[in-house]
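Scroll down for the structure; my scribbles are underneath it.
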Amino acid sequence: MREPATNHDPTALILRALAATLSEPKRAERFLALTGLDADQLRERLGDESLLSAVVGFLESHEPDLVAVAEEIGTTPAALVAAGRSV
């Protein structure tokens, strides 16, 4: 596991989590199916608070994904959840 991220910007943290979510094909497929978004819509809404909240909500709903993504981006699950609550 990487050292915890020192960047406390919740938007940046969640965008990194989104990238990690989309980098794993099965997780990406589930995320897109549950949100109803496609790649173009994701690009258009990258800074949208509702999208950022949806990313964290998706990860929170399946703890193995939350843990895996947090580890992949060098943070903790708790920090990721806290970021979701602050956007």
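Quick rundown of the values:
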| read-out | value |
| --- | --- |
| Pair list, Cβ < 9 Å and 6+ apart or interchain, from the range 70-81 residues that are β-branched (Val, Ile, Thr) to residues that are at pLDDT below 95 and buried (at least 16 other Cβ atoms within 10 Å of the Cβ) | Ile73/Ala5; Thr75/Ala5 |
| Matching residues, the range 21-41, being more than 17 Å from Ser53 (Cβ to Cβ), of a type in the set (A, V, I, L, M, F, W, C) and in contact with a helix residue (DSSP H, G or I) (Cβ under 7 Å, 6 or more places away or on another chain) | Ala28 |
| Asp48, sole failed condition from (1) surrounded by 12 or more Cβ atoms within 10 Å (Cβ to Cβ); (2) free of Cβ contacts under 8 Å to residues at least 12 places away in the same chain; (3) over 18 Å from Thr11 (Cβ atoms); (4) charged (D, E, K, R) | (3) |
| Hits in the range 56-68 (condition: assigned to a helix (DSSP H, G or I) and either modelled with pLDDT under 95 or over 10 Å from Ile14 (Cβ atoms) (or both)) | Gly57, Phe58, Glu60, Glu63, Pro64, Asp65, Leu66, Val67, Ala68 |
| Residue among Ala5, Ala17 that is modelled with pLDDT of 95 or more and either assigned to a helix (DSSP H, G or I) or not β-branched (Val, Ile, Thr) (or both) | Ala17 |
| Qualifying residue in the range 76-87 (condition: of a type outside the set (Val, Ile, Thr), surrounded by fewer than 16 Cβ atoms within 10 Å (Cβ to Cβ) and not in a helix (DSSP H, G or I)) | no |
| Total residues in the range 23-45, condition part of a loop (DSSP other than H, G, I, E, B) and farther than 20 Å from Pro10 by Cα | 4 |
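The values are calculated or read from the model by the stated rules, or taken from the named source; none is laboratory data. All values derive from a computational prediction rather than experimental measurement. Note that we place each Cβ from the backbone using ideal geometry, even for glycine, and neighbour counts take in every protein chain shown.
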